[in-house]
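None of the figures in this text is laboratory data; all of them are computed from the coordinates on show. Only a predicted model underlies this, so the values are computations on that prediction, with no experimental measurement involved. FYI the Cβ positions are ideal-geometry reconstructions off the backbone, even for glycines, and counts take in every protein chain you see.
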Amino acid sequence: MSPRETLGSWIDAFNAADADKLVALYHDDAVNHQVANAPVEGKEAIREMFRREFAQAEMVCIPDNILCDGEWAVLEWKDPLGLRGCGFFHVVEGRIKFQRGYWDKLSFLKMHGLPIPTEP
């Protein structure tokens, strides 16, 4: 799959809240770094991250822009509540090797009525 096709499959699996389908798109040693959180390393840890997050809140990814260059795909997204963000996906041989995401964690927590951490 091309990076664009991989990203399309990722969006479909994310919107279905299907952690197993999502993790099938990652390399075994992939890294997912949502910059508001610590990096998550390895396919199984990424699966658990998605399971935990899908259990906490209903999340929807509406693509605004998808840009591709070589092995990279960039996703600018929004959700129905007005949250916006972007993600960078390094896709090697049709699977995600590295992902980095930027979004406003405080707004996300408030929108979903989740506890706001008090630790620095």
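Filter the range 8-36 down to residues that are more than 14 Å from C61 (Cβ to Cβ), surrounded by fewer than 15 Cβ atoms within 10 Å (Cβ to Cβ) and out of contact with any strand residue (DSSP E or B) (no Cβ under 8 Å at 6 or more places or on another chain), then give me how many there are.
So the answer is 3.
Within the range 56-94, which residues are charged (D, E, K, R) and over 14 Å from the mean Cα position of the chain (by Cα)? So that I can check it myself, show each step before the final result.
Kept after step one, since they are charged (D, E, K, R), are these residues of the range 56-94: 58, 64, 69, 71, 76, 78-79, 84, 93.
Result: D64, D69, E71, E93.
I need the full set of residues from the range 44-91 which are in contact with a Lys or Arg (Cβ under 8 Å, 6 or more places away or on another chain) and among the β-branched types (V, I, T), in order please.
Selection gives I62, I66, V91.
If we keep just the residues of the range 47-76 that are among the aliphatic types (A, V, I, L, M) and in contact (Cβ under 8 Å) with a residue 24 or more places away in the chain, which is nearest to G94 (Cα to Cα)? Let's see the steps before the verdict.
First, the residues of the range 47-76 that are among the aliphatic types (A, V, I, L, M): 49, 55, 57, 59-60, 62, 66-67, 73-75.
Then keep just the ones that are in contact (Cβ under 8 Å) with a residue 24 or more places away in the chain; that gives 57, 59-60, 66, 73, 75.
Numbers: A57: 29, M59: 24, V60: 23, I66: 16, A73: 11, L75: 16 Å.
My answer is A73.
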